Each structure stands twice: as C-alpha cells, then as structure tokens.
Amino acid sequence: MNLMNSNNIILPKELIPYFRSNHAGETGAVYIYKAIIKFSKYKDIIKFSQLHLSTETKHLNLLENIIPKKDFSKLIGLWKFFGFVTGFIPSILGRNFIYATIYYVETFVEKHYQDQLNILDNSKQSKKLKKIIEELMKDEIDHKDDAKKKIKKFTILNKAWGQLITHGSNLAVNVSKRF
Ligand SMILES: [Fe+2]
Ligand SMILES: [Fe+2]
C-alpha cells in the first residue's frame, strides 16, 4: 500500500465527525482481526487475518496522524470491545461465519468510504483527503473480495448475522460521529 505523507493534511472542521467515525471504525476493524487471530482454530484463517490486521493497523496509524487527538471518539474502549466481540462470535461458530463476517464488515466500510468520497468537493484540500479515502477504500475492497472468494454459499444464519453487523455498524458510525 502506498499511503501518502499525511503530515501536511489539515482536516476541515466540518469533516471531523466523518473522520472520527473512520478512526473509530478502523479501531474496531483492528480488534475484529485480533479476536479472530486469538480464537479461531484454523491456520489459514489466522494467516489471512494477520495480513488484514497489518493493513488495518496502517489505516489506523494514518488516521491518527490526520485527526487531532482531542477529536478522537470518547468511546474508543467501546469500539474496541464491539470489534472484539464481532470477531469472537464467528470464531466460535466456524469458518464460513468468519469469512461472512469479514465480507459484511468490509462491504459496510466500502460504502462508508464511498459516501464520503461523494460529499467531498474539488478543493485542493478535499482532493488530498479523497486520495487518502480512496487508498483506504481500495484495501477494504480487497479484504471484501478475499473473504468472498472463500465463501461457497451464504446460509440464512450468515445473512442474519450480516444484517446485525450492518445495522450495528450504522449505529456505531452515527454515535461515533457525535461522541
Ligand atoms: Fe481499514
Ligand atoms: Fe479492511
């Protein structure tokens, strides 16, 4: 991944809520993969998750360089906890559930980033931010596709779990935009 130097980025005030939610989300993503690595018993899934974890850690570090610390979500502990639970539950339910979780989470994140690309204008500063979001989004799409390749068929339970993930993630975005 070729992330740009983020030192000279100034985040406009009106975008802070969005970036706070991005930072919260990347924190959650790190903890999803941490939980899978800790609790899954499948070697291939652990390896797969380690690769994704290293990308999510880069995403998190990048955002930490852009967002002033005072503007981080006040609920970081909660996002870590929900991330961890989102990784732990499928880890005890089996292989397909884990890949389905990654698929649904990354599908959500892709849309979340696409929404932000849609609202950014063409000013110089917005272009820099767009570039960063595009880089993040490209990785999330790769993660989604990696998971999709591993899934032969989504069961009804996989889909129900996916719904829960999508609704939960939506709620988390709305809350983390504010707090
Ligand atoms: Fe990410
Ligand atoms: Fe991801």
So how tilted is helix 16-39 from the main axis of the chain? Cα-based, degrees 0 to 90, rounded to 10.
30 degrees
Using the Kirkwood radius over Cα pairs, work out the Stokes-Einstein diffusion coefficient for region 113-179 at 4 °C and 1.567 mPa s, in µm²/s as a whole number.
90 µm²/s
Given Cα pairs under 8 Å that are at least 6 residues apart, what percent is the relative contact order of region 13-178?
32 percent
Choice from Ile102, Ile46, Ile119 showing the highest fluctuation, given a GNM over the chain with Cα pairs closer than 10 Å:
Ile119
On average, how much area does the Cα convex hull of the chain cover when viewed from any direction, in nm²?
9.6 nm²
Could you list Leu62, Leu171 so that the one with the fewest beta carbons within 10 Å of its beta carbon is first and the one with the most is last?
Leu171, Leu62
Residues Ser176, Ser40 in order from fewest to most other beta-carbon atoms within 10 Å are Ser40, Ser176
Tally Lys and Arg at +1 and Asp and Glu at -1 over the other residues with C-beta under 14 Å from the C-beta of Ser176: what net charge comes out?
+3
Taking the Cβ of Lys144 as the centre, find all other residues whose Cβ is under 12 Å away and add up their charges (Lys, Arg: +1; Asp, Glu: -1).
-2
Relative contact order (percent, whole number), region 90-179, Cα cutoff 8 Å, 6+ residue spacing:
44 percent
Restraint check, Lys58/Lys159; Lys38/Lys148; Lys127/Lys152; Lys70/Lys138; Lys43/Lys159; Lys13/Lys159, Cα-Cα greater than 32 Å:
Lys127/Lys152; Lys13/Lys159
Would you order Ile98, Ile151, Ile10 from fewest to most other beta-carbon atoms within 10 Å of each residue's own beta-carbon?
Ile10, Ile151, Ile98
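Values quoted throughout were computed directly from the atomic coordinates according to the rules given, and no laboratory measurement underlies them. Worth saying up front: this structure is predicted, and the values here are computed from it rather than measured. Note: ideal-geometry Cβ built from the backbone for every residue, glycine included; neighbour counts use all protein chains shown.
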